[in-house]
1. Condition first: over 27 Å from F62 (Cα atoms), β-branched (V, I, T) and at pLDDT 50 or above. Now tell me which residues in region 1-47 satisfy that.
2. Within the bounds of region 159-174, is there any residue that is more than 24 Å from A122 (Cβ to Cβ), out of contact with any helix residue (DSSP H, G or I) (no Cβ under 7 Å at 6 or more places or on another chain) and surrounded by 17 or more Cβ atoms within 10 Å (Cβ to Cβ)?
3. Would you be able to say whether some residue in region 77-95 is more than 17 Å from I30 (Cβ to Cβ), modelled with pLDDT under 95 and surrounded by 11 or more Cβ atoms within 10 Å (Cβ to Cβ)?
4. Among the listed residues E133, E125, identify the single one that is under 23 Å from T52 (Cα atoms) and not assigned by TED's automatic domain parsing to the domain that holds L49.
5. Take the conditions farther than 30 Å from A216 by Cα, of a type outside the set (G, A, S), within 19 Å of the chain's Cα centre (by Cα) and in the same structural domain as Y37 (by TED's automatic domain parsing) and apply them to L80. Does it pass?
6. For region 145-187, enumerate the residues that are closer than 16 Å to R130 by Cβ and of a type in the set (K, R).
7. Test F62 against the criterion of being touching a His at 6+ places or on another chain (Cβ under 8 Å) and free of Cβ contacts under 8 Å to residues at least 60 places away in the same chain, and give yes or no.
8. Name the single residue, out of those in region 119-145 being at pLDDT 95 or above, in contact with a Gly (Cβ under 8 Å, 6 or more places away or on another chain) and in a strand (DSSP E or B), that is surrounded by the fewest Cβ atoms within 10 Å (Cβ to Cβ).
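The values are calculated or read from the model by the stated rules, or taken from the named source; none is laboratory data. This is a predicted model, so every value here is computed, not measured. With ideal geometry, Cβ positions are generated from the backbone for all residues, glycine too; neighbour counts draw on all protein chains shown.
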Amino acid sequence: MTRRIKWLIVWLLLSGFWSVQAGDVSQASIQTTIRAYFAQRFHVADSALKITFRRLPDLTRFKGQAVNLQCHSQNRRLKLGFQTVWLHVLRNGRLLVKLPVTVHVQIKKKVVVANGNIPFHATIEDNMLRVEERWIKDTEVLEKGFGSIDRLIGLETTHFIPGGSFLVQRDVQERNVIHAGDAVEIWVPAGNLVVTAKGIARSAGKIGQYIYVKDATTGKRIRARVESANVVIVANKGTL
């Protein structure tokens, strides 16, 4: 590279000629800046991102100047739907102005959808659900939605789920193996021995949970841990 070419490159840098792209303050460049920000935050391709912009700021006063545009948000957690982001206009790393921009953000994501109405306390089976790729605008679906059916099989619904609904974590729970009114066997470990008694469950519970049972002989109310579908264990051997 000749000395003349080297000096030409230095002159171009000092004159800001290579800042033409950085100095682009058109509406398109503002949208591109904001789209790139959300694509990076959500780790998705631009094609999986849909943003509707409200009125964009007028930056024509910066036209031709060597400025850069950056997008920032006050929301630390990822958020979909309507929100406000801040467009920063900088020159040489120095903030000149920051302006609010209201946007509506959606991303394309695989979600689990109910094929039809699913009753309360129903046990999930694979024919009840399907996986679809949908545009979503609900932050809860983003954070707590399911992307496959396998994790849901055998779980129990926590409420009535209308057909076509996206399933999220609060819609399901581990299935209760004991229900109120069930006959249970009460075990009380005593060294190497186990004392047993018949009882009736007074509340529902999953394996590992504590529920209340009634001793069928004494009528005493006892707190015990669910061991299986018909066995509860009492830690205090003086309970019975």
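1. The answer is T2, V44.
2. Here is the first cut: in region 159-174, the ones more than 24 Å from A122 (Cβ to Cβ) are none.
No, the conditions are met nowhere in region 159-174.
3. yes
4. Answer to the selection: E133.
5. Numbers: farther than 30 Å from A216 by Cα: yes; of a type outside the set (G, A, S): yes; within 19 Å of the chain's Cα centre (by Cα): yes; in the same structural domain as Y37 (by TED's automatic domain parsing): yes.
Yes.
6. R151
7. Values: touching a His at 6+ places or on another chain (Cβ under 8 Å): no; free of Cβ contacts under 8 Å to residues at least 60 places away in the same chain: yes.
So F62 fails the test.
8. That would be V131.
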